[in-house]
Amino acid sequence: MPPRSRLHVPSPPARPGQEPDFSYVQISPAGAVARPDVTARARDIEDLALQMVRVLGDDHRAVGPWNPHLEPEELQVGLRHMLLTRLFDDRMQKIQRQGRISFYIKSTGEEAVAVAAGMALTPRDMLFPSYRQQGLQVVRGRNLVDLMCQCLSNTRDMCKGRQMPIMYHWGSGNIFSISGNLATQFPQAVGWAMAAAIKGEDHIAASWIGEGSSAEADFHYAMNFAAVYQAPVILNLVNNQWAISTFQGFAGGEHNTFAQRGPGYGIPGIRVDGNDFLAVYAVTQWAAQRARQSGGPTLIEHVTYRAAAHSTSDDPSRYRPKEEWRAWPLGDPVERLKDHLIALGEWTQERHTALEKDLEAHVTACWKEAETYGTLSGGPSLDPLTMFEDIFKEMPPNLARERDEMRALRAAAQASGQSAAPRAHEG
Amino acid sequence: MARMNMVQALNSAMDVMLERDPRVVVLGEDVGFFGGVFRATEGLQRKYGEHRVLDTPIAEGGIIGAAIGMGANGLKPIAEIQFADYIYPGFDQIVSELARLRYRSAGEFAAPVTIRTPCGGGIRGGQTHSQSPEALFAHVCGIKVVMPSNPYDAKGLLISAIEGEDPVVFFEPKRIYNGPFDGDPHKPATPWSSHPRGEVPEGHFTVPLGRAEVVREGRDVSVLAYGTMVHVAEAAVRMAGVDAEIVDVRSIAPLDLDTLCTSVCKTGRCVVIHEATRFGGYGAELVASVQEQCFWNLEAPILRVAGWDTPYPHAFEWDYFPGPHRVAAALKSVMEAK
Ligand SMILES: Cc1ncc(C[n+]2csc(CCOP(=O)(O)OP(=O)(O)O)c2C)c(N)n1
């Protein structure tokens, strides 16, 4: 037979009903990867893209050159942020299940990727997250009530009812507006960083993208622009193994690591254990320092696992083994940091349980308050006429006409006793 | 005949075509193993294999570009774009390449690609899961644009699109995937099984592209609608108590102007409705084309009822949606005009 080409179709190691198999995940021992100087040339540190930076060992001790040597108090803050993020997610999911918000996305199992990275940056660094880094909001001290009100589209919603739940933004907290369109934030973060460099500022930008979304052209635009202009930006690629139903092989992860794309563009690529709080902190710190001293961008691949469903609209049992997350070799970021603190003698199970209870109570109190600003079924609600605002800085005549038309329609409807439009989320 | 909802009808169309024509392939995000986020491709990969029903990387520009290459190389690709709101990364490939390949190569190359994509609001999807961008595509010479309003048409039109030699953007109003929706979210949902157009032949049949259909005959006023809005029009006509003729445009490009103008010249009045934003919307094309032929028969200015010129707001879905009250008001207003 003459040679013929044959289409290769990636297939994940396990589907529902099969044994989970993570043997494809190459893991370096904790402490094994060298930490180069932040001024190293990208081409001299290409092996960082193949190994995996890890600090926390199986004995829960921090080891090796990447150990950021954080004070126990800082570690406790990190633990608290991750735990709060998780409990917030759990609560919002429950609330969605009760039909009290329309949609939700959890970050369960990936909290370190946002929390540790967020803590390693300064509050003035600009963040361009995807929809799965609520931990950044927590790190920056956002009132959970604000996040809840956004999910409720109520009178205190920062988006004025215009966005689906979780599409937050926070100007004064230096967190950019989250888009529902994948990958768009990546080149925008680069542009923001370029502007910082043009203006000679000392803060940097950081963005997060899912491994699935890194197939979009926007990812590649970002990489090339960042490399060309040596923009002060940290490009985080969150490889949580799944993009809805497609495993990371469909984004190109079968043949190379995602971090290896960095060197291809002349950018350092670092592959890190994304569930190791200390390792994520350390590589972010390294990349931030490099960016701040005109060393340019860094691509960081966070190897983690999406332990929850993609969103409240998703049922992962249709495409992956139900208990796959239990087999994930890099464990759970919250548990690992907790065990580390206990090993240090700086934490106990009792304190942990007490903290959990406190945070639960805090989340409950926040939800109670959020509801007073309006819910889907009652209480105060936004004025629909505001939908015509903020399209332009000044409202043009066609929109003003439409707004007046709607006002008249609503008045007529009220006069005739029918509701012109049912409340926001019924039906 | 079988009872099908719209998703099942679309699935059946692809099934029929994968079976009949080895050149047909399906590709898109989550369409393979999972069967698509709306389940339109459910079971197809199991039946036809991973080489004919392909999961793809998340890259709409890549999906369309690859589909063009496949189409030019003898296949008949059906590309799914998960939401019409996410078609824009593929816009350049559609507008600059897919639509013009035949023309610029003087007929030597062409790519018979069908692009399926769910559109429209009413599912609490906010501005990134609710858009109706048909006008953006109708404006491009070289692609056909279709939007069915019921399962029967969905299957027949999709088969025509796949069998044709030209590229088609096939919009699927997701709000009516499971049942007709007349614009009143308070009412319990009705399933397609209780609708005559939920009766769909199991095998091969076609509904030709380029033909509108009169779905309700009437004498007083013509309502030109497509997609979900056909059902809203029916409710509005009942509400306004007028003897209206409802024309389901179905094929946005090419447009069946004859059917439309025959109706409008007969009734002498016309209301054009769509869910998409009004300014520069497809309704403007309908109004302009109809008045060119029917001007001397018109008793009143043609009115448009459309989505407001804003992004689709999450909280105000039903204030935004051009529901039956607004359509009924327009019907009364054209009836009153002297
Ligand atoms: C441009 C675009 N295409 C498709 C979608 C639909 N979509 C939303 S999330 C998602 C999967 C993203 O996976 P990944 O980037 O790996 O991030 P993860 O959800 O795993 O965090 C898809 C396909 C979208 N939102 N935007």
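The values are calculated or read from the model by the stated rules, or taken from the named source; none is laboratory data. Bear in mind the structure is a predicted one, so any value in this text is a computation, not a measurement. Here the Cβ positions follow ideal geometry from the backbone for every residue, glycine too, while neighbour counts run over all protein chains shown. Remember, those area values only see protein heavy atoms, side chains included, never the ligands or the DNA or RNA. Shrake-Rupley method; radii C 1.70, N 1.55, O 1.52, S 1.80 Å.
May I ask you to list the trypsin sites (Lys or Arg not before Pro) in segment B:167-228 that are in a DSSP loop and have at most 14 other Cβ atoms within 10 Å of their Cβ?
B:R219
Roughly what percent of Cα-Cα pairs across segment B:240-330 reach past 16 Å? Write down the numbers at each step before the final one.
Numbers: 2304 of 4095 pairs.
So the portion of pairs separated by more than 16 Å is 56 percent.
Spelling out what I want: for every residue of segment B:308-322, take phi, set θ = phi - 60°, compute 6.51 cos²θ - 1.76 cosθ + 1.60 (Karplus), and round to whole Hz; glycine and proline get x.
Using θ = phi - 60°, the values come out as 5, 7, 9, x, 6, x, 4, 7, 10, 3, 7, 7, 7, 4, x Hz.
What fraction of the Cα pairs in segment B:2-200, stated in percent, has a spacing above 24 angstrom? Numbers along the way, then the final one.
Values: 7027 of 19701 pairs.
Tail of P(r) above 24 Å: 36 percent of Cα pairs.
Convex hull volume of the Cα atoms in segment A:42-371, per residue, in Å³? Intermediate values should be presented prior to the final figure.
Values: hull volume 42.3 nm³, N = 330.
Dividing the Cα hull volume of segment A:42-371 by its residues yields 128 Å³.
Indicate, rounded to the nearest 5 percent, the antiparallel portion of the DSSP beta bridges found entirely in chain A.
Working: 4 of 26 bridges.
Just about 15 percent of them are antiparallel.
Mean shadow of segment B:121-242, computed from the convex hull of its alpha carbons, in nm²? Intermediate results must be reported in sequence, preceding the final value.
On the way: hull surface 36.0 nm².
Directional mean of the projected Cα hull area for segment B:121-242 stands at 9.0 nm².
What value, in deg cm²/dmol to 500, does the helix sum -39500 (n - 2.57) over DSSP H runs of n ≥ 4 give at 222 nm once divided by the residues of chain B?
Values: 11 runs with 109 residues, N = 338.
Taken over chain B, the calculation gives -9500 deg cm²/dmol.
Below 8 Å between Cα atoms, with a sequence gap of 6+, how large is the relative contact order for chain B in percent? Intermediate results must be reported in sequence, preceding the final value.
Working: 792 pairs, mean separation 55.5, N = 338.
Rounded, it is 16 percent for chain B.
Looking at chain A, identify the longest residue range that excludes and avoids all GluC sites (Glu not before Pro) in DSSP loops having at most 11 other Cβ atoms within 10 Å.
A:1-322
Using a cut-off of 29 Å between alpha-carbon atoms, which lysines can reach B:K187, once sequence neighbours fewer than 8 places away in the same chain are excluded?
In chain and number order, the partners are A:K94, A:K160, B:K155, B:K174, B:K332.
Let me understand segment A:177-319 better: what is its radius of gyration from the alpha carbons, and its Dmax, in angstrom?
15.1, 51
Using +1 at the C-beta of Lys and Arg and -1 at the C-beta of Asp and Glu, which of A:I27, A:P13, A:L278 has the Cα lying farthest in the positive direction of the dipole of chain A?
A:P13
So which chymotrypsin sites (Phe, Trp or Tyr not before Pro) in segment B:54-141 pass both tests, a DSSP loop state and at most 14 other Cβ atoms within 10 Å of the Cβ?
Here the chymotrypsin sites (Phe, Trp or Tyr not before Pro) that fit, given the DSSP loop and packing criteria, are B:F109.
Mind giving me the FRET efficiency for A:V9 and B:K47? R0 is 22 Å, r the Cβ-Cβ distance, nearest 0.05 is fine. Display every interim value, and only then the final one.
Values: r = 16 Å, r/R0 = 0.71.
With a Förster radius of 22 Å, E is 0.90.
On a straight-distance basis, which lysines could pair with B:K338 in a cross-link, Cα separation under 20 angstrom, same-chain partners fewer than 8 positions away excluded?
B:K266
If you average the sequence gap of Cα pairs under 8 Å that are 6 or more apart and divide by the length of segment B:213-336, what percent do you get for the contact order?
Numbers: 229 pairs, mean separation 36.8, N = 124.
It rounds to 30 percent for segment B:213-336.
List the residues whose amide H sits under 5 Å from the amide H of B:C270, counting only those 5 or more places along or on another chain, with H placed 1.01 Å from N in the peptide plane.
Placed amide hydrogens put B:S222, B:L303 under 5 Å from B:C270.
Of the heavy-atom accessible surface of chain B (probe 1.4 angstrom), what whole percent is carbon and sulfur? Intermediate values should be presented prior to the final figure.
Working: 6230 of 12040 Å².
Heavy-atom surface of chain B belonging to carbon and sulfur, 1.4 Å probe: 52 percent.
Expressed as cubic angstrom per residue, what is the convex hull volume of the alpha carbon set of segment A:277-345?
Values: hull volume 9.4 nm³, N = 69.
With only Cα atoms used, segment A:277-345 gives 136 Å³ per residue.
At a cut-off of 20 Å², which residues of segment B:109-130 become less accessible once all protein chains are present than in their chain alone, using a 1.4 Å probe?
The answer is B:R124, B:Q127, B:T128, B:H129 - residues whose exposure falls by at least 20 Å² when every protein chain is included.
Under 16 Å from a label point 7 Å along Cα→Cβ of A:A365: give me every residue in segment A:113-153 with its amide N that close.
A:142-146
Once phi is turned into ³J(HN,Hα) by the Karplus curve 6.51 cos²θ - 1.76 cosθ + 1.60 with θ = phi - 60°, what whole-Hz value does each residue of segment A:299-309 show in order, with x for glycine and proline?
Working through the residues one at a time gives 9, 10, 8, 8, 8, 8, 9, 7, 6, 9, 5 Hz.
Translational D (Stokes-Einstein, µm²/s) of segment A:34-171 at 25 °C and 0.890 mPa s when Rh comes from the Kirkwood sum over C-alpha pairs?
Diffusion coefficient, whole number: 143 µm²/s.
Once every DSSP H run of n ≥ 4 in chain A is given -39500 (n - 2.57) and the sum is divided by its residues, what mean residue ellipticity at 222 nm do you get, rounded to the nearest 500 deg cm²/dmol?
Working: 11 runs with 153 residues, N = 427.
Helix-only estimate at 222 nm: -11500 deg cm²/dmol.
Taking all pairs of different Cα atoms in chain B, averaging 1/r and flipping that mean, what Kirkwood radius in angstroms comes out? Could you put the intermediate results ahead of the total?
Details: mean 1/r = 0.0499 Å⁻¹.
Here the Kirkwood hydrodynamic radius works out to 20.0 Å.
Roughly how compact is segment A:281-391, stated as its Cα Rg over 2.2 N^0.38 Å to two decimals?
1.64
Residue by residue, what Karplus-based ³J(HN,Hα) values in Hz, rounded to whole numbers, does segment A:272-283 have, using 6.51, -1.76 and 1.60 with θ = phi - 60° and x for Gly and Pro?
Listing the rounded values in order: 10, 5, x, 9, 9, 3, 5, 5, 4, 4, 5, 6 Hz.
Once you have a ≥ b ≥ c as the square roots of the Cα gyration tensor eigenvalues for segment B:81-130, tell me rounded if a/c is under 1.5, and otherwise prolate or oblate according to whether a/b is larger than b/c.
Details: a/c = 4.76, a/b = 3.08, b/c = 1.55.
Because a/c hits 1.5 or more and a/b exceeds b/c, segment B:81-130 counts as prolate.
Taking every pair of alpha-carbon atoms in the protein assembly as shown, what share in percent sits in each 10 Å bin, from 0 to the bin with the longest distance?
Values per bin, smallest distances first: 3, 13, 22, 24, 19, 12, 5, 1, 0, 0.
To the nearest 100 Å², how much accessible surface do chains A and B hide from each other in total, with a 1.4 Å probe?
Values: alone 19470 and 14170 Å², together 29470 Å².
The summed interface area works out to 4200 Å².
Could you tell me which GluC sites (Glu not before Pro) in segment B:197-305 are loop residues by DSSP with no more than 14 other beta carbons within 10 angstrom of their beta carbon? Intermediate results must be reported in sequence, preceding the final value.
Values: sites: B:E199, B:E202, B:E213, B:E217, B:E234, B:E245, B:E275, B:E285, B:E292, B:E299; in loops: B:E202, B:E217, B:E299.
Answer in residue order: B:E202, B:E217, B:E299.
Quote the FRET efficiency, to the nearest 0.05, computed for A:R351 versus A:Y221 with a Förster distance R0 of 60 Å and r equal to the Cβ-Cβ distance. Write down the numbers at each step before the final one.
On the way: r = 47 Å, r/R0 = 0.78.
Computed FRET efficiency for A:R351 and A:Y221 comes out at 0.80.
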